[in-house]
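To keep things clear, I will list the structure first and then write my remarks on it.
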Amino acid sequence: MSAVVDEHDDHHHDDHAHGPEKGLLRWIITTNHKDIGTLYLFFALAMFFVGGIMAMIIRAELFEPGMQFVEPKFFNSMTTMHALVMVFGAVMPAFVGLANWMIPMMIGAPDMALPRMNNMSFWVLVAGVLLLASTLFMEGGAPAGGWTLYPPLVLQTGKALPFAVFSVHLLGISSIMGAINIIATIFNMRAPGMTLMKMPLFVWTWLITAFLLIAVMPVFAGAVTMLLTDRFFGTSFFDAAGGGDPVLYQHIFWFFGHPEVYIMILPTFGVASTIIPVFARKPLFGYSSMVYATASIAFLSFIVWAHHMFTVGMPMAGELYFMYATMLIAIPTGVKVFNWTATMWKGAMTFEAPMLFSIAFVVLFTIGGFTGLMMAVAPTDFQYHDTYFIVAHFHYTLVPASVFILMAAGYYWLPKWTGNMYNEKIGQLHFWLSVVSVNILFFPQHFLGLAGMPRRIPDYAVQFADWNMISSIGGFIFGASQLLFLYIVIDTIRGGTGEKVTDEVWEDAHKHGLEWTLPSPPPYHTFTTPPEVIPTEHI
Amino acid sequence: MALALRTAQADYTLNLMKGVTKVSNDIYDLHMLILWICVFIGVGVFGTMFYSIYHHRKSKGHQAAQFHENTTVEIIWTIIPTLILIGMAIPATKTLLELDDVQDSEMSIKVTGWQWKWEYEYLDNGIHFFSSLDEASNKARQVGSGIDPRSVPNYLLNVDKPLVIPTKKKIRFLFTAADVIHSWWIPDLGWKKDAIPGFINEAWTSVDKAGTYRGQCTELCGKDHGFMPIVVIAMDQPDYDVWVKKAQEESKKGADLSDQSHDDLVTKGATVYAKNCSTCHLPDGKGVPGAFPAITGSAVIKGDINTQVNLVLNGKGGMPAFGKMLKADELSQVITYTRNALGNSVGDEIQPKAVQDLLPKTSSAPAAKVAPEKPEPIADMSKDELVNLGKSVYASNCASCHQAEGQGMSPMFPALTGSVVVKGDINAQVDLMLNGKGMMPSFGHALKATDFAAVVTYTRNSLGNSVNDAVQPSVIQKLQLALPAEQDDDE
């Protein structure tokens, strides 16, 4: 609990502290964590809209029964590419961008530990996503076998298959480099006195996420490489006719895939745990139990993968084990939700856009958690599996959870990054439009799934028509509302409300994190000498 | 919207359906139990949160408390959810065990998923057919068809030939697939099961109430994944028996093998093409570059007709083996059609009879009967010779199910080691192998007499068995000659 005494070297440049390159080159060769963070965030925002356009195509085709706009195969390409772009192009890079910007500032470090690798991991990501996007224009179309790329179906992909596989390799390399950088930074560059158990939860959740990334990205790369050799080099890893097993791929994929979904949600938890205390004007409740719960969830994520595969015909022992293990995840997740609620309890809350998005996250993520628990129960999953019920479930854990928290983070830190205040009125409008439309979009999908509508179908029986139309309307409103966010980001960078913000921006924020002790916007290089005293409010 | 037309469609529900089996009802109860637990917890947590949001706000002048941890509370809200989870796991485990029990089933149906249709084989009475999307739905679902789906009864949930099952009987389903993974789901039965190429999955049902139950493929299987519905009609036993008779008659109908004029072949081929080929190769034969080759100007079609016949009959890559799906006359028509229409004009043709000769002998269509050659007498062999030869016959014909060491794969494929059949009367074993039983195919025609005798002798004197007897090829030869002709439906 204190102000930080930091000299910010910007007033007396020596040979080591220089400003950014001039012009466009700055963004290409930069090794500055703030510049790279900005690149990641803008790239993610762009991909959010690219993936969003694909979602709009999907919802337009599903607006009414009958095929109106696209061929079934292109529809399948859209669901596949929407998922891949949103997961690997939008949500993951956005959190890496936040990590780049915030981790050094939160732990009192001058930059990331490996700045050149930082630059490389960003540009490899761009190459990977562009390669993936280019498959849309190839003979035979983009991959259309679902983002899970299950064989044998995915082996029927046209010319795009090897390009998609190589793009996964590039994305994996980029993620692993980013993860190594984050781990190296957190372990080596914390300011004196910043012990592990004093780190902000955002840093903790990213540390754990980085280990998940290093553990599972190579597994995914291996799986897709086996697809490649099955298709082109005569192996039969996944071909029963050659002694292989198509279900083996599913095991390998979900050994990657389940931790992958937690890679997208753990940093979300971290941001929520950062924002809620500031606007409740209270310390986070149960800091250490939050850290342990995050670690437990990460551990459990490795041992539950086959709950995605209850219908493939596993032995009874396997079904029972994966059911029990999956149900266990509810416990640490529950602890987190209870802790956030207790943090709000008896606070002095205000409801600016970051807090609104964070509260919506807690509520709507919990709903996604409930349906997750329902699906953990294997016998009921025999009904839910591969229906719109699961589409509703994972979108609740991704859109009003991860994406809402990314919005919250944007509103929360934009004033710090730019030195300008965003337009709160438009922010509130953006929130209310988003929170209402996201529920119109996804809640009816629970009904559709329970009533028997399978997922990944371009057309449906007419008894599903009404809820699909409502869902599509929600989708269009949600999609359009996000243009407000784009407007706010640009507007804030260009001056926002014109009001210059203080160093701490939010009332008493300096008690909650080191970044609020720096000027707004922070100078190009910060903490070239470590801060001497660190805030302890969050403990 | 379209309320008037609702009557033609299934009733709409917001919740899971109870279904028509005991298992589906158990699953429904389990679903409701967990749903209410979630609602209860949700009301508690969200209630607390909204109370706090309303009362503990700065604008109302509330002062923030500064408490920030309490180990007792953390322990309480870890233990209570654990207890709730245990309460959920117990009924879940019971239902799961019940679902898995395929013992004592009264009949078996093998279900094979194809891109994009279902194949049904009744293992007990030989009924066998393919089931695909009905024509009305198929027309309406084309992009820009201009047909209002609401005018089509059971749009996308109707098939040309439904699966018919008797009520109140325990039916075992065996699932597999011919190309990619599919998944077979009828919500009213309470479960879905994946159909995986090269593997066999099991599930069972016992339907209480006669009626028509509809479902769909639920594993993404390519472009027409949304267009391969499943319809099950459950009939009471007397009605079912009538249906079986009729279906057996139907199955026996073979192809019309009489020669047809060139123009007839082409005309009829157009219909076969529209139904079976146009989904991928497109109605105009232009194909989809990179995915489905064009028929128009195709090198295969312009080349030797035998190459094309071979490709159509046996499939290649994404192209299914139509030899298993279509009859000889349909095959000859569609092949002739593709060579002389859709922008091609090769000018030749193939007659049904020629196609029939190329079809695999196990096809249900009648094969051109070849008079059995007068068998050469076979010399006797010693037991050791038979065992040695039997080893390789076993490896290529039996080991995939009964396993290399004869340990079988419980519960589907019985172990041979210590098997009562193998240890019992040799004639009973020979009879079982000649005629098959359940999943066990009949090897009567599939194996040469020598190989047959060798493998019987091998199983009785190896794989952990030592009955110490043998059967001679000449004995088997006599039994084989006495077997009914291979195509028992050839009349």
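The values are calculated or read from the model by the stated rules, or taken from the named source; none is laboratory data. Everything numeric in this text was worked out from a predicted model, so none of it was measured. FYI the Cβ positions are ideal-geometry reconstructions off the backbone, even for glycines, and counts take in every protein chain you see.
Residues considered: A:Phe69, A:Phe75. Of these, the only one that is within 10 Å of chain B (Cβ to nearest Cβ), in contact with a helix residue (DSSP H, G or I) (Cβ under 8 Å, 6 or more places away or on another chain), aromatic (Phe, Trp, Tyr) and not in a helix (DSSP H, G or I) is A:Phe69. Just one of the listed residues (A:Ala298, A:Ala342, A:Ala360, A:Ala325) is buried (at least 23 other Cβ atoms within 10 Å of the Cβ), assigned to a helix (DSSP H, G or I) and either small (Gly, Ala, Ser) or in contact with a Pro (Cβ under 8 Å, 6 or more places away or on another chain) (or both), namely A:Ala342.
When each of B:Phe322, B:Phe292 is tested for being closer than 16 Å to B:Trp116 by Cα, outside the structural domain of B:Val111 (by TED's automatic domain parsing) and modelled with pLDDT of 85 or more, the lone residue that passes is B:Phe322.
For (1) in a helix (DSSP H, G or I); (2) within 14 Å of another protein chain (Cβ to nearest Cβ); (3) closer than 30 Å to B:Pro229 by Cβ, each residue gets a yes or a no:
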position: A:Leu448; (1), (2), (3): yes, yes, yes
position: A:Phe476; (1), (2), (3): yes, no, yes
position: A:Tyr487; (1), (2), (3): yes, no, no
position: A:Thr497; (1), (2), (3): no, no, no
position: A:Trp516; (1), (2), (3): yes, no, no
position: A:Thr528; (1), (2), (3): no, no, no
position: A:Glu532; (1), (2), (3): no, no, no
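Of the residues in the range A:374-383, at least one is facing chain B (nearest Cβ under 8 Å), touching a residue at least 24 places away in the same chain (Cβ under 8 Å), buried (at least 22 other Cβ atoms within 10 Å of the Cβ) and of a type in the set (Phe, Trp, Tyr). For the range A:40-67, a residue qualifies if it is buried (at least 21 other Cβ atoms within 10 Å of the Cβ) and over 30 Å from A:Leu448 (Cβ atoms), and the qualifying residues are A:Tyr40, A:Leu41.
On the stretch given as the range A:212-267, residues that are part of a helix (DSSP H, G or I), more than 14 Å from chain B (Cβ to nearest Cβ) and over 14 Å from A:Ala306 (Cβ atoms) total 25. Would the range B:255-274 turn up any residue that is in a helix (DSSP H, G or I) and under 19 Å from the mean Cα position of the chain (by Cα)? Scanning the range B:255-274 turns up no residue that is in a helix (DSSP H, G or I) and under 19 Å from the mean Cα position of the chain (by Cα).
Of everything in the range A:345-357, what is buried (at least 23 other Cβ atoms within 10 Å of the Cβ), within 7 Å of chain B (Cβ to nearest Cβ) and of a type outside the set (Gly, Ala, Ser)? Give them in sequence order. Passing the criteria: only A:Met349. For the range B:285-301, taking the residues that are outside any loop (DSSP other than H, G, I, E, B) and in contact with a helix residue (DSSP H, G or I) (Cβ under 8 Å, 6 or more places away or on another chain), the one that is farthest from B:Ala274 (Cα to Cα) is identified as B:Val300.
You will find that of B:Ser442, B:Ser466, the residue that is part of a loop (DSSP other than H, G, I, E, B), of a type in the set (Ser, Thr, Tyr) and modelled with pLDDT under 85 is B:Ser442 and no other.
Here's a check for you: in the range B:13-72, which residue that is of a type in the set (Lys, Arg) and assigned to a helix (DSSP H, G or I) is nearest to the other protein chains (Cβ to nearest Cβ)? Only one residue fits best here, namely B:Lys58. Inspection of the range A:257-276 finds no residue satisfying the criterion of being out of contact with any Pro (no Cβ under 9 Å at 6 or more places or on another chain), in contact (Cβ under 8 Å) with a residue 60 or more places away in the chain and over 24 Å from A:Val403 (Cα atoms).
Of the numbered criteria (1) within 11 Å of another protein chain (Cβ to nearest Cβ); (2) surrounded by fewer than 21 Cβ atoms within 10 Å (Cβ to Cβ), the one A:Phe394 fails is (1). Scan the range A:451-462 and tell me whether some residue there is under 26 Å from the mean Cα position of the chain (by Cα) and assigned to a helix (DSSP H, G or I). No, the conditions are met nowhere in the range A:451-462.
Rundown of residues vs (1) surrounded by 13 or more Cβ atoms within 10 Å (Cβ to Cβ); (2) more than 30 Å from A:Ala461 (Cβ to Cβ); (3) more than 14 Å from every other protein chain (Cβ to nearest Cβ), yes/no style:
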| residue | (1), (2), (3) |
| --- | --- |
| B:Ile80 | yes, yes, no |
| B:Ile109 | yes, no, yes |
| B:Lys117 | yes, no, yes |
| B:Ala136 | yes, no, no |
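Take the conditions (1) over 32 Å from the mean Cα position of the chain (by Cα); (2) modelled with pLDDT under 85; B:Leu359 misses just one of them, which is (1). Would the range B:272-287 turn up any residue that is within 14 Å of another protein chain (Cβ to nearest Cβ), more than 25 Å from A:Trp147 (Cα to Cα), surrounded by 20 or more Cβ atoms within 10 Å (Cβ to Cβ) and touching a residue at least 40 places away in the same chain (Cβ under 8 Å)? Looking through the range B:272-287, none of the residues is within 14 Å of another protein chain (Cβ to nearest Cβ), more than 25 Å from A:Trp147 (Cα to Cα), surrounded by 20 or more Cβ atoms within 10 Å (Cβ to Cβ) and touching a residue at least 40 places away in the same chain (Cβ under 8 Å).
If you check A:Ala293, A:Ala317, A:Ala306 for being of a type in the set (A, V, I, L, M), surrounded by fewer than 24 Cβ atoms within 10 Å (Cβ to Cβ) and free of Cβ contacts under 8 Å to residues at least 12 places away in the same chain, only one passes: A:Ala317.
Selection of the range A:135-177 for residues being surrounded by fewer than 23 Cβ atoms within 10 Å (Cβ to Cβ), more than 8 Å from every other protein chain (Cβ to nearest Cβ) and not in a helix (DSSP H, G or I) yields A:Trp147, A:Thr148.
Checked against (1) of a type in the set (Lys, Arg); (2) more than 29 Å from the chain's Cα centre (by Cα); (3) within 25 Å of B:Leu358 (Cα to Cα); (4) within 14 Å of another protein chain (Cβ to nearest Cβ), B:Lys302 passes all but a single condition, namely (4).
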